[in-house]
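Shown next, in structure tokens, is the structure this report addresses.
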Amino acid sequence: MNNNSVGDVLIVLVTGTIALLLMALFGVSFILYYHRRRKQTLLEKQTLTETYQREILQTQIEIQNHTLQQIGQELHDHVGQMLSLTMIQLSVLEDDLSGTAHRPAVRHAIETVERTLQDVRALSKTLDNGTVQRFGLKESLSLEMDRIRRTGRFQTQFLVAGAPYPLGEQAETVLFRMAQESLTNAMKHSGGKQLTLTAEYHADFFILIITDDGAGFNPEETSRRGAELSGSGLLNLRQRARMLGGDCLLTSRPDTGTRVEIRVPMPKAESPEDKMSGRLSENM
Amino acid sequence: MPEWLVKLSVADKIYLLLLTATAIILTVNYKRVPKNLRPLLFLAAVHLITELIADYIHFSLKQNNIIVYHFLSPIEYIIVSIIFYRSLNKPAFRRAVLLSVPIFVFLVGIFEYFLEPPNHNNSLAIMTETILVVSWCFLFFRGLLDREDGYQPEKDQTFWVLIGILFYFLGNFFILGTLDYFIEKDVALGGKIYYAGYAFNYLLYLIISLTSLVRFRLAQTHE
């Protein structure tokens, strides 16, 4: 190999090395950029989906609240009114029948209507969204447990741990509806006699625990049965908890009852604007 | 072995060996090579034949062999266009590639007739070809960024081959495009620059050979 050939090969080697380095740099940069961009796109998509789901859920909750409020008002105004009227008429009849054998029966009917009227009023209160807004979550939950206890079918216990603090109107309404749904599920499906509701006010988060002493079930088996058969109750609860930035955990085993734990973070301190708008809405 | 082959420079011998090896590797693995990259076998064959003819004319007949490269440019572009036609996903881009072939051939004819006769280096044709190929390369890479199907470029043979093609043409753009100028000004410098161009040829065929030998896990989705 003469000097010229060595020189030519050297030129090729140097140029080749530089070109190879540039190619590798281009390839690696492209791959890194591609993956970063893809990750970003996926994240954006995920955020969009979550926002969309949250909006849908919020709309559902608003519709549900509105419907329940209407039913509550209807129960209070119409059914309650009719029952009051029936009670007055029965009272008149009781007076007319004084001294006869039919009077105790009418007295009994009056007492039944009175109990029904109380139940209807209690039910209309729990259906009314305004109750949570007026009295707060703790008081509304207490009312709900009282209402269930009064049915005579269940023994109820309501426990509060920690110093209660406001969670915000929307969060409290959502939590109240979640508690109602969990309690209804327990009443319908558990077959138990004891319902316990615990509200734990921690420094950073709030926990709501609903437990029953019923038959329990195998959650894995239920989820295997598919959406149609297993229902969407737990999924709804979980979605609502996530909407509040928290989560919902269900634990159950056959013969050991069921425990639903809803955990949400403590709301951040209200901004001056929020406080102002809160005061304005209260005064209206 | 013919005498003219012995007279070849080391760089030329390495290049011919590499072209032969690549052609063999591509032939053996032809069915395993993705459909969009199969024209690479013809590219290697055309380059090998062109180099052999050019070396024969130069070393055996002692004549100017530059006319051979005037034929190579349009043939090379047609083969590379087929690769891009099969690799690009958007129909509009594919149509553009298809349309560019007759336009390029027509331009080469114009250059041959009016500007670069067969006894001159065909710099204009090479530069035009490079601009077109680099454009298709960037369209391909841009298209990859829009994919949403879990594509992974590092596991795609086409991605690496097209990086090789991009750098091969970019390198030749500066080297062959300016060769006429440097030969006129400084023959020694022109010679050095000419040999530097071999690096890009080597890299292209090394990439083609290596990617044909490596089993890529990603299913080809460019076709």
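The values are calculated or read from the model by the stated rules, or taken from the named source; none is laboratory data. This one's a predicted model, so the numbers in the text were calculated from it and none came from an experiment. When we count neighbours, we look across all protein chains shown, and the Cβ atoms used for this are built from the backbone with ideal geometry, even at glycine. When the accessible area is computed, the model is the full protein with side chains, heavy atoms only, and any ligands, DNA or RNA have been set aside. Shrake-Rupley method; radii C 1.70, N 1.55, O 1.52, S 1.80 Å.
Quick one: what pairs do we get from segment B:191-214, first residue more than 9 Å from chain A (Cβ to nearest Cβ), second among the aromatic types (Phe, Trp, Tyr) and open to solvent by 40 Å² or more (accessible area, probe 1.4 Å), C-beta under 7 Å, 6+ apart or different chains?
Filtered contacts from segment B:191-214: B:Thr211/B:Trp160.
Mind checking which residues of segment A:93-113 are outside any helix (DSSP H, G or I), open to solvent by 50 Å² or more (accessible area, probe 1.4 Å) and either touching a Phe, Trp or Tyr at 6+ places or on another chain (Cβ under 7 Å) or not hydroxyl-bearing (Ser, Thr, Tyr) (or both)?
Correct list: A:Gly99, A:Ala101, A:His102.
Kindly list the number of the only condition in (1) part of a helix (DSSP H, G or I); (2) of a type in the set (S, T, N, Q); (3) more than 18 Å from the chain's Cα centre (by Cα) that fails for B:Asn119.
Going through (1) part of a helix (DSSP H, G or I); (2) of a type in the set (S, T, N, Q); (3) more than 18 Å from the chain's Cα centre (by Cα) one by one, B:Asn119 breaks only (1).
Looking only at residues in segment A:252-265 that are open to solvent by 70 Å² or more (accessible area, probe 1.4 Å) and in a strand (DSSP E or B), which one is nearest to A:Gln53 (Cα to Cα)?
Among those that are open to solvent by 70 Å² or more (accessible area, probe 1.4 Å) and in a strand (DSSP E or B), it is A:Arg263.
Looking only at segment A:25-69, count how many residues are within 30 Å of A:Gln180 (Cβ to Cβ), exposed (fewer than 13 other Cβ atoms within 10 Å of the Cβ) and not aromatic (Phe, Trp, Tyr).
Total meeting the criteria: 9.
Scan segment A:171-185 for residues that are more than 16 Å from A:Leu127 (Cβ to Cβ) and at pLDDT below 90 and jot them down.
The answer is A:Ala171, A:Asn185.
All but one of (1) open to solvent by 40 Å² or more (accessible area, probe 1.4 Å); (2) at pLDDT 80 or above hold for B:Arg215; state the number of the condition that does not hold.
(2)
Of (1) out of contact with any strand residue (DSSP E or B) (no Cβ under 7 Å at 6 or more places or on another chain); (2) modelled with pLDDT of 85 or more; (3) open to solvent by 70 Å² or more (accessible area, probe 1.4 Å), A:Thr116 satisfies all except one. Which?
Looking at each condition in turn, A:Thr116 falls short on (3).
Inspect segment A:118-139 for any residue being at negative phi, of a type in the set (Gly, Ala, Ser) and touching a Leu at 6+ places or on another chain (Cβ under 8 Å) and give the result as yes or no.
yes
Let me confirm something: among B:Leu124, B:Leu162, which residue is within 22 Å of B:Leu40 (Cβ to Cβ), more than 9 Å from every other protein chain (Cβ to nearest Cβ) and assigned to a helix (DSSP H, G or I)?
Only one candidate passes the filter, namely B:Leu162.
Exactly one condition in (1) in contact with a Leu (Cβ under 6 Å, 6 or more places away or on another chain); (2) over 22 Å from A:Arg134 (Cα atoms) is not met by A:Gly191; state its number.
(1)
For residues that are out of contact with any Phe, Trp or Tyr (no Cβ under 7 Å at 6 or more places or on another chain), modelled with pLDDT of 90 or more and among the hydroxyl-bearing types (Ser, Thr, Tyr), tally how many sit in segment A:186-229.
Number of matching residues: 3.
Quick check on my filter: what residues within segment B:1-15 are more than 14 Å from every other protein chain (Cβ to nearest Cβ) and surrounded by 15 or more Cβ atoms within 10 Å (Cβ to Cβ)?
Those that are more than 14 Å from every other protein chain (Cβ to nearest Cβ) and surrounded by 15 or more Cβ atoms within 10 Å (Cβ to Cβ): B:Trp4, B:Leu5.
Would you point out the residue of segment B:129-151, among those that are part of a helix (DSSP H, G or I) and within 8 Å of chain A (Cβ to nearest Cβ), that is surrounded by the fewest Cβ atoms within 10 Å (Cβ to Cβ)?
Among residues in segment B:129-151 that are part of a helix (DSSP H, G or I) and within 8 Å of chain A (Cβ to nearest Cβ), the one surrounded by the fewest Cβ atoms within 10 Å (Cβ to Cβ) is B:Leu145.
For the structure I just gave you, tell me whether B:Glu154 is out of contact with any strand residue (DSSP E or B) (no Cβ under 8 Å at 6 or more places or on another chain), open to solvent by 10 Å² or more (accessible area, probe 1.4 Å) and part of a helix (DSSP H, G or I).
Answer is yes for this residue.
So, A:Val6, is that one within 14 Å of chain B (Cβ to nearest Cβ), farther than 30 Å from A:Arg238 by Cα, at pLDDT below 90 and surrounded by fewer than 12 Cβ atoms within 10 Å (Cβ to Cβ) or not?
When the stated conditions are applied, A:Val6 passes them.
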